[in-house]
1. For the stretch 97-189, give me the percentage of DSSP beta bridges that are antiparallel, rounded to the nearest 5 percent.
2. Full-extension gain between residue 116 and residue 88, please, as 0.36 nm times their residue separation minus the C-alpha to C-alpha distance.
3. Hey, with R₀ at 25 Å, roughly what FRET efficiency would residue 187 and residue 57 work out to, going by the Cβ-Cβ distance, to 0.05?
4. For a quick check: sort 126, 112 by the number of other beta carbons within 10 angstrom, fewest at the front.
5. Would you mind computing Rg(Cα) / (2.2 N^0.38 Å) for the stretch 97-189, counting N as its residues?
């Protein structure tokens, strides 16, 4: 019972410190596994050093600054950047648009997942380049209709490594999160 109370207390402290003040459920003996399994996915940072540090949620904060410009803040790090409406949609187009960020998210996610998979096979893909061309609809509603991706690899790979790389690119979380209505062709340029 002491261990149960201590784990519950530590879990609650972590969640409260991470702004999960809505977590107020009472803990009952005998239901501990279900209660803990409900709360653990909410923990974003392993402050105690004994849990796997696998972020499940990240908060992005968007502040509208007027004139169709927003400030986007990555809450965990405090880093920020502006967005603008594009020129063809009443904006200034001075910085990236929200749909540009969608294309950038796809490209950087693919590069990251490919990098993870290839590092496991001891390949260094430093210098890999990913380009994503975004195509918007001409009719209403305004939306992305195609994200054409090209990936240039800095080295020669055997057929097995190429297959792993292609599966990694298509398996990135952003690729899976985008609507199936968006065309997402991928072209690989092998060294």
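No lab work stands behind these numbers, since they all come straight from the coordinates. Since the model is a prediction, treat every value here as computed from it, not as a measurement. So basically every Cβ, Gly included, is an ideal-geometry build from the backbone, and we count neighbours across all protein chains shown.
1. Taking every DSSP beta bridge with both residues in the stretch 97-189, the antiparallel ones total about 60 percent.
2. Stretched fully, the residue 116-residue 88 segment lengthens by 6.4 nm.
3. 0.15
4. 126, 112
5. 1.13
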